Amino acid sequence: MSPFQFPALDLIFLDAWIMLLAYYAGLILGVFAFVHALTQRADAYTAAERLTKPAWLGITGGGAFALLLFSLNGPGAMFWLAGLVAVLVYLVDVRPRLIEVQRGPRW
């Protein structure tokens, strides 16, 4: 099933709706992570002791592209999951550190 075909509104297709929701949620997260990485200052990455800005742009851009190109329920599911993991690593590890470096710690 292509990720762009909507399943029928029936309880039998609940798994298809969950997969479709996961596909679009992952895609939104991927685009958000790439745009966030794009809008941050380059020196903030080195101040946060993380990889450089071009490296994270490549990681999040590649992850977002994999999330767009492959689907969770097809033969490219492994690439979709790898893209999701790359995007989630940025969102969970790098993004909070960048925000802390640029704004200062909260207390």
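The values are calculated or read from the model by the stated rules, or taken from the named source; none is laboratory data. All of these numbers come straight from a predicted model, not from anything done at the bench. No Cβ is skipped: glycine too gets one built from the backbone with ideal geometry, and neighbour counts run over all protein chains shown.
Points worth noting:
- Some residue of region 24-35 being in a helix (DSSP H, G or I), out of contact with any Gly (no Cβ under 9 Å at 6 or more places or on another chain) and within 23 Å of residue 104 (Cα to Cα): yes
- Residues in region 72-97 that are loosely packed, with under 15 Cβ neighbours inside 10 Å and in a helix (DSSP H, G or I): 77, 78, 85, 92, 93, 96.
- Subset of region 1-29 (residues that are surrounded by 14 or more Cβ atoms within 10 Å (Cβ to Cβ), modelled with pLDDT of 80 or more and not hydroxyl-bearing (Ser, Thr, Tyr)): 16, 17, 19, 20, 22, 26, 27, 29
- Residue count, region 53-71 (criterion: without any contact (Cβ under 8 Å) to a residue 40 or more places away in the chain and not in a helix (DSSP H, G or I)): 1
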